[in-house]
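Worksheet: the structure to be examined is printed underneath.
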Amino acid sequence: QVQLVESGGGLVQPGGSLRLSCEASGIIFSFYVMGWYRQAPGKQRELVATRSSGGSTNYADSVKGRFTISRDNPKNTVYLQMNSLKPEDTAVYYCNAEWGRATYWGQGTQVTVSS
């Protein structure tokens, strides 16, 4: 049974930081491209960042220079360090694991940026 469990969301003031974590089980973690997506109210889910085991990364233009995705393969965990947060970063953040046609999602964690 595949599980992706996110943690680290919460309420933060504009300009603040948060680190999201996602621990995976039931998959060969190193095979998968791991990513973070987000969905704001009334909007479609969008890519935030992805990272392969080989280190290749991809970021949405809106988060470049502010967010960093990293992974710890022995711990089956992917992280998203979010700095200089803006109100428009408010969304539910979802962890994603993808390998070929196999794709899995976490349950999501809420991030709210507000003063």
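Count of region 47-67 residues, restricted to those that are open to solvent by 30 Å² or more (accessible area, probe 1.4 Å) and touching a strand residue (DSSP E or B) at 6+ places or on another chain (Cβ under 6 Å), is 5. Of all residue pairs spaced 6 or more apart or on separate chains, those with beta-carbon atoms under 7 Å, a first member in region 1-29 that is in contact (Cβ under 8 Å) with a residue 60 or more places away in the chain and a second member that is surrounded by fewer than 17 Cβ atoms within 10 Å (Cβ to Cβ) and among the charged types (D, E, K, R) are G8/R19; P14/K86. Figure legend. Inter-residue proximity from region 98-111: first residues on the phi > 0 side of the Ramachandran plot, second residues not acidic (D, E), beta-carbon distance below 6 Å, spacing 6+ or different chains. Indicated pairs: G108/V92; G108/Y94. For region 30-49, give me each residue that is in a strand (DSSP E or B) and in contact (Cβ under 8 Å) with a residue 24 or more places away in the chain. Listed by number, the residues that qualify are V33, M34, G35, W36, Y37, R38, Q39, V48, A49. May I ask you to verify whether S30 is in contact with a helix residue (DSSP H, G or I) (Cβ under 6 Å, 6 or more places away or on another chain) and either surrounded by fewer than 20 Cβ atoms within 10 Å (Cβ to Cβ) or basic (K, R) (or both)? Yes; evaluated as a whole, the condition is true for this residue. Taking N83, is it in contact (Cβ under 8 Å) with a residue 40 or more places away in the chain, surrounded by 14 or more Cβ atoms within 10 Å (Cβ to Cβ) and over 11 Å from the mean Cα position of the chain (by Cα)? Here the answer is yes, as N83 does meet what is asked.
The values are calculated or read from the model by the stated rules, or taken from the named source; none is laboratory data. It should be emphasised that the depicted structure is a prediction, and the values quoted were computed from it without experimental measurement. FYI the Cβ positions are ideal-geometry reconstructions off the backbone, even for glycines, and counts take in every protein chain you see. Areas reflect the complete protein model, heavy atoms only, side chains present, ligands, DNA and RNA absent. Shrake-Rupley method; radii C 1.70, N 1.55, O 1.52, S 1.80 Å.
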